[in-house]
Ligand SMILES: N[C@@H](CCC(=O)N[C@@H](CS)C(=O)NCC(=O)O)C(=O)O
């Protein structure tokens, strides 16, 4: 089987790219990647060269072209069962999917006000009540899952659910949005991954600045 090829945006800013990338890296899947940087002044028109929706991430594998990060991650779980990208137990798997979908569809205040930014120094940002509400819900999700599984990841071992929340871990850290000890411990676990550090280092070293993502 040929290696999957993931096309992603800037590692510093592209939250939707980070999710399947981290799932593949943590799942031990051998893959190729191409970074296609944002070109905001030209509305990222070049993304249409490889994506029917003009957005990243995109996965190419075995003649398939896939977009939508969560659908990509579902495919990876099917195509690479040894990666263990969803929990083994049917009930746990259903719960992991519920919170992955909640992430994919929600938390618009947090996502809008606090862009993922790997190189941003940690500094509190004044945010509205909508952001605080999103953060409370996210930390409740994490603490409930960690209490049930015993950690260190949401469902014990690393799964797609952790990958879905990875950009939020960065946001809660760099904008200093929580002092919940359970959430902080989980964030430290995620940010301590060698795969996380590799993505972060490459993001920090990118030369591109996207002004609208510099909150
Ligand atoms: N729902 C999509 C969202 C993808 C998305 O919005 N990606 C951003 C980068 S993180 C993008 O390509 N933005 C460029 C644009 O919209 O022009 C997914 O889950 O993959």
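Numbers below:
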quantity	calculated
Selection count, segment 94-127, where residues are within 25 Å of residue 197 (Cβ to Cβ) and loosely packed, with under 13 Cβ neighbours inside 10 Å	4
Checking residue 153 against (1) within 24 Å of residue 27 (Cα to Cα); (2) touching a residue at least 60 places away in the same chain (Cβ under 8 Å); (3) surrounded by 18 or more Cβ atoms within 10 Å (Cβ to Cβ), the condition it does not meet	(2)
Any hit, segment 191-210, residues being without any contact (Cβ under 8 Å) to a residue 60 or more places away in the chain, surrounded by 20 or more Cβ atoms within 10 Å (Cβ to Cβ), outside the structural domain of residue 33 (by TED's automatic domain parsing) and touching a helix residue (DSSP H, G or I) at 6+ places or on another chain (Cβ under 7 Å)	no
Unmet criterion (only one of (1) more than 18 Å from residue 16 (Cβ to Cβ); (2) in a helix (DSSP H, G or I)) for residue 103	(1)
Residue match in segment 57-69 (condition: closer than 15 Å to residue 162 by Cα and at pLDDT 95 or above)	yes
Matching residues in segment 15-53 - criterion: being farther than 19 Å from residue 115 by Cβ and part of a loop (DSSP other than H, G, I, E, B)	27, 28, 29, 30, 31, 50, 51, 52, 53
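Here's the yes/no breakdown for (1) more than 13 Å from the ligand (Cβ to nearest atom); (2) without any contact (Cβ under 8 Å) to a residue 24 or more places away in the chain; (3) buried (at least 17 other Cβ atoms within 10 Å of the Cβ):
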{"position": "52", "(1), (2), (3)": "no, yes, no"}
{"position": "60", "(1), (2), (3)": "yes, no, yes"}
{"position": "67", "(1), (2), (3)": "no, yes, yes"}
{"position": "70", "(1), (2), (3)": "no, no, yes"}
{"position": "77", "(1), (2), (3)": "yes, no, yes"}
{"position": "80", "(1), (2), (3)": "yes, no, yes"}
{"position": "88", "(1), (2), (3)": "yes, yes, no"}
{"position": "92", "(1), (2), (3)": "yes, no, yes"}
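The values are calculated or read from the model by the stated rules, or taken from the named source; none is laboratory data. Nothing here was measured: the structure is a model prediction, and the numbers come from that model. Neighbour counts run over all protein chains shown; Cβ positions are idealised from the backbone, glycine included.
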